[in-house]
1. Please work out which residue is nearest to N49 (Cα to Cα), limiting yourself to segment 110-133 and to residues that are at pLDDT 80 or above and buried (at least 16 other Cβ atoms within 10 Å of the Cβ).
2. Pull up segment 51-72, narrow it to residues that are aliphatic (A, V, I, L, M) and part of a strand (DSSP E or B), then point me to the one that is surrounded by the most Cβ atoms within 10 Å (Cβ to Cβ).
3. Just the residues that are buried (at least 19 other Cβ atoms within 10 Å of the Cβ) and either among the aromatic types (F, W, Y) or part of a helix (DSSP H, G or I) (or both), please, taken from segment 35-50.
4. Give the residues of segment 73-87 that are under 18 Å from the mean Cα position of the chain (by Cα) and at pLDDT below 80, sorted by residue number.
Amino acid sequence: MYIDCSKTFKKCGLALEKEYLYNQYIMEIYGGVRMFNITICYKDNYLKNINEEIKNILNKSPLSEKFKINTVHSGIDLLKSFSEEDECNILFLEEELVDLKGVSIIDLIRKYNEDIKIVIITKDDEIKKIYSNYTVINKYDIFNKLEYIIMQFVGKNINDKNEFYLLKNKYR
């Protein structure tokens, strides 16, 4: 029995070609987009996979090479990374690391960079009242909300939000 697959291959080829052209179009539009730096500061072993999860989210997008991820495990290392690294755009900070011997790390970071998006990861939902000016997420919900937080931030920082909306939906 002979099966003619030529139509199927043509459809697949056309789909791949459209995908390639779409990605080229997106890169032409967003080629000038600056680098986004994400810093993750945690000491809880439950959060050790957050780095890989962020990479998986970013790999869905043709903008993935525009992201750099930095992981630190203490408040002191976090402050060192801010003095040594490029500008940080998104900070995921475990609630237990917010204070460094009575000094608020968030206040020090805000002096360095007022525009940084800070996401505080906590076990206790009561903390939301204390840090009402920031995005506060329960650590057990972080993996469910991670993609939304990143895409929301990037969407605000790319000029043509409608195109980014298409990009976000295309790569879900």
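1. I121
2. Looking only at segment 51-72, we keep the residues that are aliphatic (A, V, I, L, M), and these are 54, 57-58, 63, 69, 72.
Imposing the further condition that a residue be part of a strand (DSSP E or B) reduces the set to 69, 72.
On the way: I69: 17, V72: 20.
So the residue we want is V72.
3. Listed by number, the residues that qualify are F36, Y42, L47, I50.
4. The answer is F82, E85, D86, E87.
The values are calculated or read from the model by the stated rules, or taken from the named source; none is laboratory data. Computed from a predicted model, the values in this text were never measured in an experiment. Here the Cβ is made from the backbone with ideal geometry for all residues, glycine too, and neighbour counts use every protein chain on show.
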